[in-house]
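Here the structure is laid out as structure tokens; the discussion comes afterwards.
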Amino acid sequence: QPQQKDYDDLCSLPDLNEKTLLENLRNRFKQEKIYTYVGSILIVINPFKFLPIYNPKYVKMYDNHQLGKLEPHIYAVADVAYHAMLQRRKNQCIVISGESGSGKTQSTNFLIHHLTA
């Protein structure tokens, strides 16, 4: 079966419904693309293994970039919140939610890692 095009932002799906949304997430996950945007919201599917996308190269790559210009990543969300705080001089908040075992603590660690870098 030919590889389907995957969309890094679900808002870009030509036909947005439950089936196409889930197919797109499944297709991205099979390619180890665990992050997908829905506008400014980031969906993360826990791979239950370490992926090599959390090193200094990625920290630098996502530094001071607009959301959506690069592949979706938790570092992009952290960076947007950080720069919004600096520009607007107002506190920012990132909401992390999910089921037990979904990777909330690990996502928080990655956010903190990017902010401290």
key: Breaking point among (1) exposed (fewer than 15 other Cβ atoms within 10 Å of the Cβ); (2) in contact with a Gly (Cβ under 8 Å, 6 or more places away or on another chain), for R88   = (2)
query = Do we find that Q87 is polar (S, T, N, Q), out of contact with any Cys (no Cβ under 7 Å at 6 or more places or on another chain) and assigned to a helix (DSSP H, G or I) in this structure?
reply = yes
key: Residue match in the stretch 25-42 (condition: in contact with a Phe, Trp or Tyr (Cβ under 9 Å, 6 or more places away or on another chain), within 17 Å of L115 (Cβ to Cβ) and part of a strand (DSSP E or B))   = yes
request  = Would you mind stating whether I45 is of a type in the set (V, I, T) and closer than 14 Å to F110 by Cα?
outcome  = no
query = Of (1) open to solvent by 70 Å² or more (accessible area, probe 1.4 Å); (2) under 12 Å from the mean Cα position of the chain (by Cα), S107 satisfies all except one. Which?
reply = (1)
task = List the number of the failed condition for A78; all other conditions in (1) open to solvent by 50 Å² or more (accessible area, probe 1.4 Å); (2) in a helix (DSSP H, G or I) hold.
result = (1)
note = Filtering the stretch 1-10 for residues that are open to solvent by 40 Å² or more (accessible area, probe 1.4 Å) and either touching a Ser or Thr at 6+ places or on another chain (Cβ under 7 Å) or at pLDDT 95 or above (or both) leaves a count of 2
note = Counting only residues that are touching a residue at least 60 places away in the same chain (Cβ under 8 Å) and either of a type in the set (S, T, Y) or closer than 17 Å to G98 by Cβ (or both), the stretch 47-74 contains a total of 1
query = For the stretch 31-58, how many residues are hydrophobic (A, V, I, L, M, F, W, C) and open to solvent by less than 20 Å² (accessible area, probe 1.4 Å)?
reply = 2
task = Filter the stretch 28-46 for residues that are out of contact with any strand residue (DSSP E or B) (no Cβ under 9 Å at 6 or more places or on another chain) and either among the small types (G, A, S) or more than 22 Å from G101 (Cα to Cα) (or both) and give the result.
result = S40
note = Out of (1) of a type outside the set (D, E); (2) in contact (Cβ under 8 Å) with a residue 40 or more places away in the chain; (3) surrounded by 15 or more Cβ atoms within 10 Å (Cβ to Cβ), the one R28 does not meet is (2)
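The values are calculated or read from the model by the stated rules, or taken from the named source; none is laboratory data. Just so it is clear, the structure is predicted and the values come from calculations on it, not from any experiment. For neighbour counting, all protein chains shown are included, and Cβ atoms are generated from backbone atoms with ideal geometry for every residue, glycine included. Remember, those area values only see protein heavy atoms, side chains included, never the ligands or the DNA or RNA. Shrake-Rupley method; radii C 1.70, N 1.55, O 1.52, S 1.80 Å.
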